[in-house]
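Trainee: Once you've had a glance at the structure underneath, I'll fire off some questions.
The values are calculated or read from the model by the stated rules, or taken from the named source; none is laboratory data. None of the values given here were measured: they were computed from a predicted structure. Here the Cβ positions follow ideal geometry from the backbone for every residue, glycine too, while neighbour counts run over all protein chains shown. These accessible areas exclude ligands, DNA and RNA; they are computed on the full protein's heavy atoms, side chains included. Shrake-Rupley method; radii C 1.70, N 1.55, O 1.52, S 1.80 Å.
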Amino acid sequence: RRRKEEIDKVEGLVKAMIEEVKEVEAKVEEVKSKGAGFEGKDLAPDDIIKAANEAQEVGETARSILARISESLADKQSDMGNSDAAWKAKREIADMHSKVASGRREIDTVVAAAGWAKQKATRKATALQKEKERRDVFSKHDSDNDGKLNRNEVAAFSKAEFDFEMSGEVLDKIMRKLEPIAFEKLRPLFQKVAIARSEVKARAVRAEREKKRQELEAKKQAVQKVAEEAESLLTEVDTCLGKAESEARPLALTGQGELAAEALKEAASAVEAAIGEASALLEKAAQRAKKIEEDCREEELRGYELHFLGRMQQRQSRAEGWAQKVIGVAEAAKERAVRKAYAEIDSKRSELVAAIRNKMGEESKTGEQIFKGFTDSDKLCKDKFLEMLKDFEQ
């Protein structure tokens with residue numbers, strides 16, 4: 001009895017499994033049938049895409065059903081246990097699992113084929129759309145509807161499609177290469193017009209770049225000219241300072257070789273004049289340096305001033321130190337000239353007083369009598385005073 005129950009149970013489960021496998025086979029056939037819908041060579045791309053989408057949807061549904069049935073078969077096989085009846089049904093059950101696996105592979109193949117077909121159809125649709133657009137463009141510019149683009153139509157095409165007005169030379173070249181220009185030559189026409197436009201733009205860019213280069217070069221030359229003027233001024237400064245230094249050498253002499261007060265003063269004034277000339281030239285050079293610095297504030301000239309200002313500033317600083325040294329000698333000489341002048345005046349005064357006293361003694365006269373001998377008034381004018389000095393010097 002128990003054996004009969006086991007056999008009945010296995011037979012019942014096998015029967016149910018057979019029905020499920022039949023459902024699998026039906027779903028596989030349904031998917032394969034949908035797969036045939038996108039395989040026609042004469043189908044339009046949109047029809048292929050539609051059929052492929054339907055096949056993919058049915059395929060995904062069938063995959064879910066097969067997964068459920070595969071799980072159900074495994075559960076039923078497990079419910080059979082390890083009885084003799086179950087062992088006898090093992091081959092039949094293995095065939096069922098094999099059919100489900102085979103059906104899954106067939107569904108996967110159809111779904112994959114649908115994906116490839118959809119991609120191919122999409123590319124074809126895109127290509128057809130582009131061709132339609134090109135035909136529309138050709139028709140739009142074929143104003144005389146003769147199926148060819150003449151010279152005027154090509155010029156209008158270039159202006160409308162590329163916003164590019166071709167020169168007569170470029171237009172002639174394109175017509176020689178492509179004429180007659182039917183629809184089949186529209187793509188080469190596109191390419192040649194695009195190339196011609198890019199060449200014109202490239203020439204314009206090169207011309208603009210060359211213009212800017214020349215403008216920059218002109219600005220650099222202007223800066224260089226100012227720098228040369230500054231260098232020339234600094235050279236003049238060196239000449240003036242060299243002359244001033246030579247003229248200042250006698251001013252440093254003391255003792256027997258020292259100049260008289262008036263000569264010392266005149267020489268010091270000459271040195272100061274030379275230093276003044278050098279200072280004026282230094283100021284002009286400083287103005288040139290300032291101009292270079294201001295001109296080089298432009299973005300394109302930034303840093304160019306470094307080619308000139310460093311050397312100029314060194315020369316200017318050296319010249320200023322040189323001038324300060326020489327002017328110091330002149331100022332010291334002027335101070336000595338003042339002191340020497342006072343000393344000379346004191347000496348002359350003493351000599352005059354001694355001469356007057358000698359004269360007073362020789363002529364036995366008083367100072368007032370001596371004074372009256374040179375003037376009738378109580379005052380002595382400059383000329384009379386000089387006459388008196390000469391008289392005493394004799």
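Trainee: Identify all residues within the range 273-286 that are under 20 Å from Ala222 (Cβ atoms) and open to solvent by 70 Å² or more (accessible area, probe 1.4 Å); write none if there are none.
Mentor: Once the filter is applied, which keeps residues that are under 20 Å from Ala222 (Cβ atoms) and open to solvent by 70 Å² or more (accessible area, probe 1.4 Å), the range 273-286 yields only Lys284.
Trainee: Residues being of a type outside the set (Asp, Glu), open to solvent by 40 Å² or more (accessible area, probe 1.4 Å) and outside any helix (DSSP H, G or I): count how many of those fall in the range 34-50.
Mentor: Going through the range 34-50 one residue at a time, the tally reaches 3.
Trainee: Looking only at the range 77-87, filter to residues that are assigned to a helix (DSSP H, G or I) and free of Cβ contacts under 8 Å to residues at least 12 places away in the same chain; which one of those is surrounded by the fewest Cβ atoms within 10 Å (Cβ to Cβ)?
Mentor: Checked the range 77-87; the qualifying residue surrounded by the fewest Cβ atoms within 10 Å (Cβ to Cβ) is Ser78.
Trainee: Here's another thing I want to ask about it. Given (1) under 27 Å from Ala244 (Cα atoms); (2) within 36 Å of the chain's Cα centre (by Cα), identify the lone condition not met by Glu299.
Mentor: Every listed condition holds for Glu299 apart from (1).
Trainee: So, one more: Given the criteria open to solvent by 20 Å² or more (accessible area, probe 1.4 Å) and over 22 Å from Gln119 (Cβ atoms), does Ala74 qualify?
Mentor: Against the criterion (open to solvent by 20 Å² or more (accessible area, probe 1.4 Å) and over 22 Å from Gln119 (Cβ atoms)), Ala74 qualifies.
Trainee: With respect to Ala267, determine if the residue is in contact with a Pro (Cβ under 8 Å, 6 or more places away or on another chain) and either assigned to a helix (DSSP H, G or I) or closer than 22 Å to Thr235 by Cβ (or both).
Mentor: Here the answer is yes, as Ala267 does meet what is asked.
Trainee: Which of the numbered conditions does Ala94 fail, given that it passes all the others? Conditions: (1) open to solvent by 30 Å² or more (accessible area, probe 1.4 Å); (2) under 25 Å from Thr126 (Cβ atoms).
Mentor: (2)
Trainee: Check Ala230 against each of (1) open to solvent by less than 80 Å² (accessible area, probe 1.4 Å); (2) more than 18 Å from Ala286 (Cβ to Cβ) and name the one condition it does not meet.
Mentor: (2)
Trainee: Check Glu344, Glu320, Glu331 and return the single one that is closer than 30 Å to Ala248 by Cα, open to solvent by 50 Å² or more (accessible area, probe 1.4 Å), under 60 Å from the mean Cα position of the chain (by Cα) and modelled with pLDDT under 85.
Mentor: Exactly one of Glu344, Glu320, Glu331 is closer than 30 Å to Ala248 by Cα, open to solvent by 50 Å² or more (accessible area, probe 1.4 Å), under 60 Å from the mean Cα position of the chain (by Cα) and modelled with pLDDT under 85, namely Glu331.
Trainee: Oh, and also: Spot the failing condition for Asn53; the list is (1) under 60 Å from the mean Cα position of the chain (by Cα); (2) exposed (fewer than 13 other Cβ atoms within 10 Å of the Cβ), and only one is missed.
Mentor: (2)
This table checks each residue for (1) farther than 25 Å from Glu299 by Cβ; (2) surrounded by 15 or more Cβ atoms within 10 Å (Cβ to Cβ); (3) of a type in the set (Asp, Glu).
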site: Phe164; (1), (2), (3): yes, yes, no
site: Ser167; (1), (2), (3): yes, no, no
site: Leu178; (1), (2), (3): yes, yes, no
site: Val200; (1), (2), (3): yes, yes, no
site: Lys211; (1), (2), (3): no, no, no
site: Leu216; (1), (2), (3): no, no, no
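Trainee: Quick one: in the range 105-130, of everything that is open to solvent by less than 90 Å² (accessible area, probe 1.4 Å) and among the charged types (D, E, K, R), which residue is farthest from Val28 (Cα to Cα)?
Mentor: Selected residue: Lys118.
Trainee: Report, by residue number, each residue of the range 292-303 that is open to solvent by less than 40 Å² (accessible area, probe 1.4 Å) and part of a helix (DSSP H, G or I).
Mentor: Ile292, Leu301
Trainee: When you go through Ala289, Ala252, Ala244, Ala270 one by one, which is the residue that is at negative phi, surrounded by fewer than 14 Cβ atoms within 10 Å (Cβ to Cβ), at pLDDT below 95 and touching a helix residue (DSSP H, G or I) at 6+ places or on another chain (Cβ under 8 Å)?
Mentor: None of the others qualify; the one that does is Ala252.
Trainee: Looking at the range 137-154, which of the residues that are open to solvent by less than 40 Å² (accessible area, probe 1.4 Å) and free of Cβ contacts under 8 Å to residues at least 40 places away in the same chain is nearest to Arg203 (Cα to Cα)?
Mentor: That would be Val154.
Trainee: Can I ask one more? Could you say whether any residue in the range 225-234 is within 32 Å of the chain's Cα centre (by Cα) and either closer than 30 Å to Tyr342 by Cβ or free of Cβ contacts under 8 Å to residues at least 12 places away in the same chain (or both)?
Mentor: Yes, some residue in the range 225-234 is within 32 Å of the chain's Cα centre (by Cα) and either closer than 30 Å to Tyr342 by Cβ or free of Cβ contacts under 8 Å to residues at least 12 places away in the same chain (or both).
Trainee: Please determine, by comparing only the residues of the range 292-343 that are of a type in the set (Lys, Arg) and out of contact with any helix residue (DSSP H, G or I) (no Cβ under 7 Å at 6 or more places or on another chain), which one is farthest from Leu233 (Cα to Cα).
Mentor: My answer is Arg339.
Trainee: Name every residue in the range 6-19 that is open to solvent by 30 Å² or more (accessible area, probe 1.4 Å) and closer than 26 Å to Asp108 by Cα, in order of residue number.
Mentor: Ala16, Ile18, Glu19, listed by residue number.
Trainee: Considering every residue within the range 160-171, establish whether at least one is under 30 Å from Arg288 (Cβ atoms), within 40 Å of the chain's Cα centre (by Cα) and without any contact (Cβ under 8 Å) to a residue 12 or more places away in the chain.
Mentor: Checked the range 160-171: no residue is under 30 Å from Arg288 (Cβ atoms), within 40 Å of the chain's Cα centre (by Cα) and without any contact (Cβ under 8 Å) to a residue 12 or more places away in the chain.
Trainee: Based on what the data block shows, is Lys159 over 17 Å from Val200 (Cα atoms) and part of a helix (DSSP H, G or I)?
Mentor: No; evaluated as a whole, the condition is false for this residue.
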